[in-house]
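What follows is calculated from the coordinates using simple rules that are stated; it is not laboratory data. The model shown is predicted, which means the values in this text are computed figures rather than measured ones. A quick note on method: Cβ atoms are made from the backbone with ideal geometry, for glycine too, and the neighbour counts reach across all protein chains shown.
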Amino acid sequence: MKTKKLLSLLALLCLTVTSAWAQTWTNIIVNSDMEGTDVSCFYVHEQAGGMYLARIIDGIGVDGSRAIKLQSSDNEANSWDTQFNMRLPYVLPAGTQYKLSFDYKSDKKAVKEGDENGTFGFQVSNEPGQYVWWTLDGWPEPCLSVSESDVNKWLHFEETYTVPADCDGVSKTDGGWLMQFRTIYINLAGNKVATKFIIDNVKVEIPSDVLSTLTPEPVTDPGLMILAPPYNVTLAEGTEDAAKWTITPAEATTTGVDKDETVTLNYTGKKKIKAITLTKKEAAAPAEETYKIDGVAGQTAFTISEAATLPFTKKVIELNADFATIAEQLSIDNITVSGNVEMGTLAGWDTEITFTGEGTGQITLSLNYYGLPQNPITISITVTKN
């Protein structure tokens, strides 16, 4: 009997340990290795302005891959005047554990004199630019350190942190921002010297069981949909012997180059050079994303819009062609919505319904016929990106 109890206890212990080992983590950064084109998780702020969506540059990453580059200036007023932002697709609840990792390289050192801590510090914001919290993990605050011997070498950062209790999604900062943990950023001007910083392979991993409870929250602010402007080098209009000029690299005349990249102009003609004009290309907004909005009421499926831009608003009577006929006989007592659907002030069939994001939702119409309650109409909504 004692042997059976011992075996049972060992089996229980094994089960408990196995369960602990079964925890899985999921990286939530989109285009984490930067080999694709999606930059929705990456924002930069530099002396030239911002907050801008970052530009990914070919050939500057680990082993010649693609990466993002930032450039600070000498003696910037604040350490955050140059910053790299990692905007998460989800708001992480207070108490959530997460793993932050990335590769980085700096052409200047970033070590406080007599201190092992670096001068590239981390902070937290709601949306990029909406500061809410001063550190990732208490005091002394975690920082990136770049010693003299590490300059221009690829370094790796990897740590596990917990979302602070203050980021509860309810409280507000003095600036009026909700205390939400959505964006992690690195301040890159703390070493007070012009520095080129390159970052690659960014990951933010969270427990998979936590991820299953979260809802994606895409950017809706048009001010956060602008791509960082590059610089173009062009010859002045009417320049003679234009065919005898060569500009290297070639993309300097097309897609543009970053502000600290070297551009070489070579003239093989015999005329005297009078002027070279450097012009900054206007910031380009990314292509507008469109969505298909489908509805199902009972056994009837219908499409509300083939190419909507979100948020997208329509009156209830406009959602389905049959509703105009139904509205002649039935009145609406009440409307309830859920999921990615919001409603305006109740105004019967003229009530405005707004679709706020990708995913699913539901609209329920409570009806009456001359004061007599009728069966409600429930509409299931699906919003998908084109």
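Couple of notes before you dig in:
- A crude spin-label estimate for the pair Leu265 and Ala321, with each label 7 Å from Cα along the Cβ direction, gives 6.1 nm.
- The HN-Hα couplings worked out from phi for region 366-374 by the Karplus form 6.51 cos²θ - 1.76 cosθ + 1.60 (θ = phi - 60°) are 8, 10, 9, 10, 6, x, 8, x, 10 Hz, whole numbers, x standing for Gly and Pro.
- Applying a threshold of 28 Å to the alpha-carbon distances of Lys69/Lys99; Lys109/Lys203; Lys108/Lys172 flags Lys108/Lys172 as lying beyond it.
- As a proxy for reagent exposure, Arg87, Arg66 were ordered by neighbouring Cβ count within 10 angstrom, fewest first; the result is Arg66, Arg87.
- Sequence of Phe302, Phe42 once ranked by neighbouring C-beta atoms within 10 Å, starting from the fewest: Phe302, Phe42
- Sequence ranges 77-85, 327-335, ranked by mean other-Cβ count within 10 angstrom, highest first: 77-85, 327-335
- Computed from backbone phi with θ = phi - 60° and the Karplus coefficients 6.51, -1.76 and 1.60, the 3J(HN,Hα) list for region 330-346 is 10, 9, 9, 7, 7, 9, 10, 9, 8, x, 8, 10, 10, 10, x, 4, 4 Hz; x is used for glycine and proline.
- Label reach from Val296 (point 7 Å along Cα→C-beta): in region 308-341, no amide nitrogen lies under 11 Å.
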